[in-house]
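Heads up, the thing below is written out as structure tokens.
The values are calculated or read from the model by the stated rules, or taken from the named source; none is laboratory data. In this text, all values refer to a predicted model and were calculated from it rather than measured experimentally. Reconstructed Cβ throughout: ideal geometry from the backbone, glycine too, with neighbour counts over all protein chains shown.
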């Protein structure tokens with residue numbers, strides 16, 4: 001990765017829920033807005049080093065320009081940028097952040113128990129190779 005991507009999603013590639021969401025995004029991101037990376041890859045770890053502990057603990061990390069969004073803010077922003085009815089997800093911003101993040105944390109803390117944990121990290125199809133900052137590390 002030579003330059004900083006405009007819209008980067010760092011996710012847990014061992015989480016079935018997280019990997020499923022990434023597959024959903026790949027399918028519905030017709031404009032190619034997002035790049036993706038593993039929270040555990042070399043580039044992912046390098047990016048996380050620049051963040052505070054609260055920004056990187058048990059959460060998806062979404063970077064848009066110089067902004068870093070996590071937890072419910074990240075999920076809502078990502079989904080609301082997709083085409084069509086996805087923009088309705090922006091309505092969730094109207095709920096108090098502590099409540100949204102509380103729900104997010106419950107799901108995040110139980111994601112392996114409820115959705116399962118992969119035995120090997122998620123690896124996207126080669127057609128999406130250019131969408132991953134760490135494609136060659138994702139085995």
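Look at segment 107-119: where a residue is on the phi > 0 side of the Ramachandran plot and a partner is surrounded by 14 or more Cβ atoms within 10 Å (Cβ to Cβ) and part of a helix (DSSP H, G or I), sitting 6+ places away or on another chain with Cβ atoms under 7 Å, you get 116/16.
Considering only residues that are touching a helix residue (DSSP H, G or I) at 6+ places or on another chain (Cβ under 7 Å) and assigned to a helix (DSSP H, G or I), which ones fall in segment 113-126? Residue satisfying the conditions is 115 alone. Residues in segment 13-53 that are within 16 Å of residue 71 (Cα to Cα), more than 10 Å from the chain's Cα centre (by Cα) and at pLDDT 85 or above: 15, 17.
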